[in-house]
Each structure stands twice: as C-alpha cells, then as structure tokens.
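Undergrad: Mind having a look at this structure? Questions to follow.
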Amino acid sequence: MSSVRSAILRALLAMGLSFALWSFVSFSENPEETVRFDDLTLQVVGLSEDMVVVDANGLPTTIFPSVDVTLRTDRRQRSELRPVDIRVVADLSGLGPGDHVVPINVQATRSNISFSIPPNGVEPAAINIRIEPIETVKVPINLDILGSPPFSFERGEPEVRYNGAPISTVSVSGPQSRVMRVTSARTVANIAQLRASYVATLNLTPVDASNQPVEGVQVQPATVTVTIPINPVVGLRLVPVSPVIIGTPAPGFVVTGINVEPPLITLTGSSGPLDTISFLATEAIDIADARETVVRIVPLVVPAGTSPAQNEPNAVRVTVQITPIPLPFQVRLPVEVTLTGLGSGLTAVVSPNVVEMTFAGTSDQLNALAAAPLEISLDLNGRGVGVYQFKVQPLLPDGVRLVGEPPEVTVSIVSVPTPTPMPTPTPEPSPETEPTPTPTLTPTPKPSPETEPTPTPEGG
C-alpha cells in the first residue's frame, strides 16, 4: 500500500514540476504586458423599447463620453490587438425610469483573443444615465392664417388633410416630461394678397401653452396639406397649377422639388363652374425609374364651362427635381495638431500630436473631407513656460459634424537653455614638437692696436 502511495506522490510531484517548468518557460518567452486604447466609443444596449435615455434637460440623447481602456495580455496578443477587437458597453437591461449609475463592460469582438483588465483599467468605470418612459398623446392641430386676399377676392373655409383625408389631431411622442408640455401642433399659412386658392404642405411644430416650441418630441404625421379657398367675386378666377406626377424615381433617388412655370392661370367662366375649381391639373408626367431632373411641357386639363383668359397659355413647363437620397455616414480620421505663435527662446511639445476623431455627414461630404489632410493649429502666442490643456476641433465644412466630445491634448512649453562659452586652452608643446633652439653666432673679435702682438724679428 505504501508503494502505491509513493508512486502516486512521485507522479503528482513530476506533474507539478512539469507545470512549473512549462509556466516558467512560457512566461519567459511570452510575458504579460499591458496595452491602452483611448477614446473608444461607448455602446449603450439593452434599453427597453418603451424607454429613452435623456440628458439633464430631458431631451433624448445618444451622445455618451468616450472610454479609455487598459488591458493586460501576453506579448504575442498585445502586438495583434487593435481598437476594433474590443468594444465598451453599458448594459441598460432591466432598468426603469430614473437616474442610474451603469458600469462599463469591456468585451472582445473576436473569440480567439483573451485579456484581463487591471484595477482602474476602465476610465470612466461607470456613467450616469437618466431614463424616461416614452409617452404618446393626441393633440389638436392649430392653423394660424396670416394676411388676407386683395379687394374683390374672399377667403373660404380652410381644410387640413393628410394623405387626402381630413385631419384635426396628430400624435406626439417622446420623453414623458417633454410630451406633457405639448398642448397643440401649430402651423402657419400666409395668404396675404393671394388671388388664387392657397394649397401647401406645411410642417407641424409642437408647442406649449405659451405657443413656444417644445423640443425633443416627434409629431406624427409631421406635415399636413392645407387648402384655403380664395374666390373671386367676378367672372375671373386665378387658380394654381397642380402637375400630375405618376411613377416613382429609381431606387436611391427622391423627388426634392416641383416647379411650375407659370404657377398661376387666370380662368374665365360663369360663377358656378369657377366656384368649384381650386386648381388646374396637367396631363400626367411619368417619372418612373428617373435618375435625374425631369423637364416637360405639358397641356393643362381645363374643366368644362371654363377657359384660360386672354393671353394665358394652354400648357405649362414642369420641372421635377430628382436627386440621390443623402444617407448619413460616419468616418474616423486622424487629425494632426500643429503649434504656431511660440515666443523666442521657447520650445513646445504637443501630446498627442495626432488625434483620431469621428465625423458624421453624407458620403459625398465625408469623401471630400477625407481627400485632404486634416490639421488643427494651436496658437501659443503670449503663453510662457508651463503645461496647458486644449480641447481641439478642426474647422469643418457645412454638413459635417464631430461625433462626441472634442479630444484634449497637452502642450508643454519649456525655455531653450543658452549655451555658456568655454575658454579656449593654450596648447602646450609636446616633447616631440619642442622647437630646437637656433644657435647664436658669436663674432670673432678683432685685436685692437694696443693688444696686437708684436712680430718677432728674424734671427733675434
């Protein structure tokens, strides 16, 4: 029995040593590292269909703070991780009306990656969310008529229609606190000096008891057709021309405007037939599968018992404007931050010097935006040594907007040290280069007469 126990213990010891060795080798060759991703877009999910997220003013909002995330993973995965591999989520599942503090979760978008989140690895770790129930109520339509027809014309009873049927109330939906302020849906028709019946498609604006617009709610239907008869009291009547359009443009295209020249025609006839006419129709204009503006000269359909007055045309020129449907898109682009106006003797560093921003607009607008490099120039004129924070935003063309809050950069300004001149040392001659002294020639003195030797006489 003891031998079996010893064998089991040796096997467990061997397995433990093997695992420890494997862990040591793996950690040595592929150690853990951290990676940081800044300004990630927060996704809010799980909100009930009958609820809406609102801001501090009770207005519906889809703008949330960006999130900075620090992850811990091994070196191999760290080199492969990209911002698209993770998403940050605030889950509102099960939350009802009121203010909530919702934690932010980090999730992988691919199944073959793994990571952990160190303490304080998500900034902010939670966000404040206010939720309100969506309310829908019926409110009356309030038509305000401005002005009056000229002399010899009179105004008839106005009609408000939607899809050809009379309508007197509309639905208003949105956050409960906003919807409860709406008392009516207002629209305005101006008939000042009109000589023909007023026919127009008008927008409805939700207003409160003080006739002030209420934001953050939706009106359904949002537009109505208003007809106000303008009748002459003589045998002439000026009526608008209403072209008959059949068919629909090609997919992805929409009618953006219809223009008629001339827009008004004067009819003559007896009072009976004239009283029943509110507009003149044209022959049908087919725009099926059209991809560009259609221009046609079409005859008028003149009712029996009436005719165009003298010098009035029997046909009109109709222009149907057809344009592509502008779809909203988003694109994330890098923007370089440059510095100008720095004083002399100073140097500056901006961090980061390239920021990524998300822009929204139509495809044509975003293509034009991405065609040229974006740049933000910070003017440092008058700023001295120190560290400064700037929220940066480039100048954007019309129709393009920044999604989310402008990013922040840090600019550090320091002085440039003035170099101190160094004294130039006098070189000492080396032994090898020591100059050899030049010998001085000493002249041989000539004997003076007094010291000149006396010659010895020969034979003396």
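The values are calculated or read from the model by the stated rules, or taken from the named source; none is laboratory data. Because the structure is a prediction, the values reported are computed rather than measured. Please note: Cβ atoms are built from the backbone with ideal geometry, for glycine as well, and neighbour counts cover all protein chains shown.
Undergrad: Would you kindly identify the strands (runs of 3 or more DSSP E) lying entirely within the stretch 193-303 that contain at least 1 residues that are in contact with a Phe, Trp or Tyr (Cβ under 7 Å, 6 or more places away or on another chain), surrounded by 14 or more Cβ atoms within 10 Å (Cβ to Cβ) and free of Cβ contacts under 8 Å to residues at least 60 places away in the same chain?
TA: The strands (runs of 3 or more DSSP E) meeting that bar are 236-242.
Undergrad: Which one of Gln77, Gln43 is polar (S, T, N, Q), at pLDDT 90 or above and surrounded by 12 or more Cβ atoms within 10 Å (Cβ to Cβ)?
TA: Going through Gln77, Gln43 in turn, just one is polar (S, T, N, Q), at pLDDT 90 or above and surrounded by 12 or more Cβ atoms within 10 Å (Cβ to Cβ): Gln43.
Undergrad: A follow-up question, please. Among the numbered criteria (1) touching a residue at least 40 places away in the same chain (Cβ under 8 Å); (2) closer than 30 Å to Glu215 by Cα; (3) within 24 Å of the chain's Cα centre (by Cα), which single criterion is violated by Thr62?
TA: So Thr62 meets the others, but not (1).
Undergrad: Kindly indicate which of Ala309, Ala250, Ala209, Ala196 is of a type in the set (Gly, Ala, Ser) and within 20 Å of Asn142 (Cβ to Cβ).
TA: Criteria check complete, one pass: Ala209.
Here is a yes/no grid of residues against (1) among the β-branched types (Val, Ile, Thr); (2) over 21 Å from Pro149 (Cα atoms):
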| residue | (1), (2) |
| --- | --- |
| Ile230 | yes, no |
| Ile258 | yes, yes |
| Asp275 | no, no |
| Thr282 | yes, yes |
| Val302 | yes, yes |
| Asn311 | no, yes |
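Undergrad: Which members of the stretch 317-355 meet the condition of being assigned to a loop (DSSP other than H, G, I, E, B), more than 20 Å from Gly252 (Cβ to Cβ) and without any contact (Cβ under 8 Å) to a residue 60 or more places away in the chain?
TA: Once the filter is applied, which keeps residues that are assigned to a loop (DSSP other than H, G, I, E, B), more than 20 Å from Gly252 (Cβ to Cβ) and without any contact (Cβ under 8 Å) to a residue 60 or more places away in the chain, the stretch 317-355 yields Gly341, Gly343, Ser344, Pro352, Asn353.
Undergrad: Okay, next question. Answer with yes or no whether Val385 is out of contact with any Ser or Thr (no Cβ under 7 Å at 6 or more places or on another chain), modelled with pLDDT of 75 or more and surrounded by 12 or more Cβ atoms within 10 Å (Cβ to Cβ).
TA: No; evaluated as a whole, the condition is false for this residue.
Undergrad: Hey, among Val137, Val122, which residue is crowded, with 17+ Cβ neighbours inside 10 Å and either out of contact with any Cys (no Cβ under 9 Å at 6 or more places or on another chain) or in the same structural domain as Ser93 (by TED's automatic domain parsing) (or both)?
TA: Val122
Undergrad: Criterion first (more than 25 Å from the chain's Cα centre (by Cα), over 30 Å from Pro133 (Cα atoms) and either surrounded by 12 or more Cβ atoms within 10 Å (Cβ to Cβ) or not assigned by TED's automatic domain parsing to the domain that holds Gly404 (or both)) does Ser48 satisfy it?
TA: no
Undergrad: For the stretch 337-367, enumerate the residues that are surrounded by 14 or more Cβ atoms within 10 Å (Cβ to Cβ), among the small types (Gly, Ala, Ser) and under 14 Å from the mean Cα position of the chain (by Cα).
TA: Ala360, Gly361
Undergrad: Condition (residue is modelled with pLDDT of 85 or more and within 30 Å of Gly235 (Cα to Cα)) applied to the stretch 318-338: is it met by at least one residue?
TA: Scanning the stretch 318-338 turns up at least one residue that is modelled with pLDDT of 85 or more and within 30 Å of Gly235 (Cα to Cα).
Undergrad: Any chance the stretch 223-235 includes a residue that's closer than 30 Å to Asp50 by Cα and not assigned by TED's automatic domain parsing to the domain that holds Arg317?
TA: Yes: one or more hits.
Undergrad: Just give me the residues in the stretch 304-331 being buried (at least 16 other Cβ atoms within 10 Å of the Cβ), under 27 Å from Glu159 (Cβ atoms) and either of a type in the set (A, V, I, L, M) or outside the structural domain of Phe253 (by TED's automatic domain parsing) (or both), in sequence order.
TA: The answer is Val316, Val318, Val320.
Undergrad: If I filter the stretch 147-156 for residues that are within 30 Å of Pro65 (Cα to Cα), touching a strand residue (DSSP E or B) at 6+ places or on another chain (Cβ under 9 Å) and either not charged (D, E, K, R) or not in a loop (DSSP other than H, G, I, E, B) (or both), do I get at least one hit?
TA: Looking for residues that are within 30 Å of Pro65 (Cα to Cα), touching a strand residue (DSSP E or B) at 6+ places or on another chain (Cβ under 9 Å) and either not charged (D, E, K, R) or not in a loop (DSSP other than H, G, I, E, B) (or both), one finds none in the stretch 147-156, hence no.
Undergrad: Which numbered condition trips up Gly174, out of (1) on the phi < 0 side of the Ramachandran plot; (2) assigned to a strand (DSSP E or B)?
TA: Condition not satisfied by Gly174: (1).
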